[in-house]
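Accompanying notes for the structure given below.
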Amino acid sequence: MPVKKESSEKGAGLIEWQYPVKYGVAKEVITDVLVLGGGLAGLSAAMGAAKKGMKVALVEKGCISHAGCGGAGIDHWHEATTNPASKVSPEEYTQATIEALGRYNCGIGQYIACRESYDTLLELEKLGMKIRDSEDEFKGAPFRDEKTKFIFAYDYKNSYCITIWGTGMKGALGRGCRELGVEIFERVNAQSLLTEGGKQGGRVVGAIGLNVRTGELIIFRAKATIICTSGETRLWYFSSEQRSIYTNQKPGQIAGEGWTAAWRVGAEFSLFEKSVPLNTGGLAGVDMVPFSGGFWDAEWRACTMVDATGKEIPWFDRDGNPITGVTQRNMPAAGQKFFLPNLFAHPRGISPADKEVLRKYAEPYQMKGMHKRIANGELVPPLYADLPSMPEPERRVVFGLHIGEEGKTKIFYRYLTAAGFDPDKHMLEFNPVAMLPRARTFGFNSGGLVPDWNLRTNLEGLYAAGASLLSGGGAAYSCCTGQYAGRKAAEYAASAAEPVVDRKQLDREKERIYAPIRRKSGIDWKEFNLGINKVMQVYCGDIRNEESLKVGLKWLDELKEQEVTQVYARNPHELGRALESLNLVNMAEMVIHASLARKASSAWLNFFRSDCPKVDPPEWRKWITTKLDGDKVKVGELPIDYWGELKKNYEAHCGL
Amino acid sequence: MSKEKVYAVQNLSTPSRCVTFDENICDGCNICIQHCQMDVLHPNPVKGKPPIVLYPDECWYGGCCVKECPKGREGAIRLNWPLMLTMRWKDKKTGEHYRFRMKNPPPPNPRLPSGGWRPHSEYFKPEK
């Protein structure tokens, strides 16, 4: 099939598709455990299951060397509460994060991460990832433990977050998988889950994948399946020009297809009503450096910042007392045991009692009200990261380690230094920017699959790990829950019956998957994607209301009737993108239904209903769950601490 | 006026030149294609020639292609940040302003990042 050569070269013509096209061909793969997603959670889950002697297949729509939210690199390894220098226990840390998120943080994954984070890190070291300053580059720095040679970020006194050279993480996990004999299928987009008898709510017995280069289908028959995919990157907002602003860590093909596949077969979700305004300014309302330059509150923490006239922006402790010295920016306040990193999303409108809870864990901060101060002339933009004024180890750890190891910053470091940037002399520009009107994103600790202590979903045979879990996410979290889910799925698979797939379901899914290539013209996937965005912005934006949410559903139905049947694809690549965009309809429905089900506003969830204006009434401090039941949505609820006693339940289930 | 031919060219969505290749250095090994998350690049029908940038507006600027290119340091492949999002900085002492890829840039800073430039794929190779 000829395709248009879309390059900027003058006179570009048509070229033949360079991969063999195998539409309609279906290969079958039989395995014990199937892992969907080749990011940090997926590779870890595959290792966890393979260590138990299972045959494991892993499906990734990109390539495992860089796939996933943490695929490009990682600088901070959180939750390392059991490392020898840590002064915070797993129980304390888990409790703190639960409280500091208004209790909307699932304790199961969080506690697993706290218990296993450090051991998992040591395993990564064995697989070749650098986790210590063994060359003594940072010797004597206030954030270094001289005995272990670990260097720490955030709370230097309590040392629970280790700075790592995480651009080696994907390689290390890839090596782990290879050594354990995991079979890896790259460029395969897992589209649908298969269930026993093809029934919604039935045991999950595998998945169908589409090769996005050849168009070939792969039918995976598996005793257990683990969803390790991540969520939304283009539900409210989609712009190729500005993409990297809002997908700092996630490439645009992370479209939430693991979730939508699980949704269609009746898996149970929660917290999809939570989202945050899409802030191009990252976390503090200060723009991250364009394209790949890291977050001001994470990678650049705690760099000195000055305005255009050279005026330094002061730091304060949680109580508003001015802080002097760079090290103090990473120390708890007087009388505070420890602080939590990134409590940046201080929700607006929370009760005084909730404010007091936040204060307990609040970190030192830079002067607030940046926009107001610029408007009244107190500060002159742009602002600059004043690296030259920093002590050398602090400067180097920001620009040279955080910037270098986190996300896409390695390439950023390379080009910026090649262009002459020298942190000893130069100050990098930052811009305070506004939020994009109406555009939103899930943000951190957002919705996902509801797990039990086996990290199993409500469906037999279906497990979840990493960012696919309820309020889950983060590198250490993903690796730890990945291994745990791998172990539990393996335990189940060891005695599970042979998986039998349903022919009729296969035929249905085949029909759905190939529909766009049967059309020669119609609607391009990008136009369709933007159409979904508009519905979400207008009907499911900052302020929601039963009436407008229902109208939003109506327009989604209309899209299904009309445009879904017109989206076309001219080659396997476009087919993959088209399916991603089509699946967004389901994700939009998941969000709208979750928003309808929570009949109370919540500052913690950044969720405001004009018809239910009372903010965080105590009777609504609970998990609202949604799942498909036929073509209706079934709403349920769980107590906010449904996981019970953390330590006891973990030890009873962890399988270690 | 020159007699150069004028073409009607399809209007591309931007950014449209996320990566560019130096045909004199790139030998068309296609390793960059293997490591591109978004499958932006497509093999050139002519063997030995650089890949075709088929889906430039899907690039997420991760630089995987540049990092993994065996001839990346020699300049076989280059990532081009869109102009709209160019990085800017200034000299603390002199107050002089700079930006990425300017006409008269300051000299390159040769300091490597902590841990050096190791590409991800190195780890996948079996132990020696």
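Quick rundown of the values:
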{"item": "Proxy reagent accessibility, fewest Cβ within 10 Å first, across A:TYR463, A:TYR156", "result": "A:TYR156, A:TYR463"}
{"item": "Under Karplus coefficients 6.51, -1.76 and 1.60, residue-wise ³J(HN,Hα) of segment A:505-520 in Hz, glycine/proline x", "result": "5, 4, 4, 4, 5, 4, 4, 5, 5, 8, 3, x, 7, 7, 9, 8"}
{"item": "Taking chain A and dividing mean pair separation by its residue count, relative contact order in percent (alpha carbons under 8 Å, at least six apart)", "result": "21 percent"}
{"item": "Of A:LYS55/A:LYS126; A:LYS372/A:LYS410; A:LYS87/A:LYS647, pairs whose Cα-Cα distance is over 29 Å", "result": "A:LYS372/A:LYS410"}
{"item": "Within straight-line cross-link reach of B:LYS93, lysines at Cα separation under 16 Å, skipping those fewer than 8 residues along the same chain", "result": "A:LYS311, A:LYS425"}
{"item": "Degrees separating the helix A:352-361 axis from the principal Cα axis of chain A, which is the longest one", "result": "80 degrees"}
{"item": "Nearest 10 degrees, 0 to 90: helix A:40-51 Cα axis against chain A principal axis", "result": "70 degrees"}
{"item": "Segment A:641-656-segment A:336-414 distance, computed between alpha-carbon centres (Å)", "result": "35 Å"}
{"item": "Highest-first arrangement of A:469-482, A:89-102, where packing means the average Cβ count within 10 Å", "result": "A:469-482, A:89-102"}
{"item": "Local net charge near B:ASN80, Cβ-Cβ under 10 Å (Lys/Arg +1, Asp/Glu -1)", "result": "+3"}
{"item": "Amide H within-cut-off set for A:TRP300, under 5 Å, with H built and near neighbours excluded", "result": "A:PHE295"}
{"item": "Sequence of A:CYS612, B:CYS59 once ranked by neighbouring C-beta atoms within 10 Å, starting from the fewest", "result": "A:CYS612, B:CYS59"}
{"item": "For A:ALA267, distant residues with modelled amide H under 5 Å away", "result": "A:LEU628"}
{"item": "Whichever lysines have a C-alpha closer than 24 Å to that of A:LYS599, once near sequence neighbours (fewer than 8 apart) are set aside", "result": "A:LYS274, A:LYS355, A:LYS534, A:LYS550, A:LYS554, A:LYS614, A:LYS622, A:LYS627, A:LYS632, A:LYS634"}
{"item": "Karplus (6.51, -1.76, 1.60) ³J(HN,Hα), θ = phi - 60°, over segment A:206-214, in Hz, Gly and Pro reported as x", "result": "x, 7, 10, x, 10, 6, 7, 10, 9"}
{"item": "Footprinting exposure proxy for A:TYR415, A:TYR642 (fewest neighbouring C-beta atoms within 10 Å first)", "result": "A:TYR642, A:TYR415"}
{"item": "Cβ neighbours within 10 Å from other chains - mean over A:65-75", "result": "4"}
{"item": "Most mobile of B:THR86, B:THR20, B:THR94 in a GNM of chain B (Cα contacts under 10 Å)", "result": "B:THR94"}
{"item": "Rounded, prolate or oblate (a/c below 1.5 giving rounded, otherwise prolate when a/b exceeds b/c) for segment A:464-540 by Cα gyration tensor", "result": "oblate"}
{"item": "Peptide B:9-16, shielding by other chains (average Cβ, 10 Å cutoff)", "result": "4"}
{"item": "A:PHE421 long-range amide H proximity, modeled H, under 5 Å", "result": "B:ASN109"}
{"item": "Test item: Cα-centred dipole of the protein assembly as shown, Lys/Arg +1 and Asp/Glu -1 on Cβ, debye", "result": "1040 debye"}
{"item": "Rounded, prolate or oblate (a/c below 1.5 giving rounded, otherwise prolate when a/b exceeds b/c) for segment B:13-83 by Cα gyration tensor", "result": "prolate"}
{"item": "³J(HN,Hα) computed for each position of segment A:158-174 - Karplus, 6.51 cos²θ - 1.76 cosθ + 1.60, integer Hz, glycine/proline x", "result": "9, 6, 9, 10, 9, 7, 10, 9, x, 5, x, 6, 4, x, 5, 5, x"}
{"item": "Chain A: calculated mean residue ellipticity at 222 nm from DSSP helix runs of at least 4, using -39500 (n - 2.57)", "result": "-9500 deg cm²/dmol"}
{"item": "Shielding of A:166-174 by partner chains, average beta-carbon count, 10 Å", "result": "4"}
{"item": "Degrees, to the nearest 10: A:107-126 long Cα axis against longest axis of chain A", "result": "80 degrees"}
{"item": "Relative contact order %, segment A:519-639, counting alpha carbon pairs below 8 Å whose residues are six or more apart", "result": "26 percent"}
{"item": "Gyration tensor (alpha-carbon) shape descriptor, chain A, a/c threshold 1.5", "result": "rounded"}
{"item": "Inter-centroid distance (Cα atoms) of segment A:542-557 relative to segment A:578-626, Å", "result": "11 Å"}
{"item": "Part-to-part distance (alpha-carbon centres) for segment A:119-142 and segment B:80-107, which is given in Å", "result": "34 Å"}
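A short reminder: the numbers here are calculations on the coordinates, not readings from a lab. Keep in mind the model is a prediction, meaning the values are calculated, not measured. Ideal geometry is used to build each Cβ from the backbone, glycine not excepted, and the neighbour counts take in all protein chains shown.
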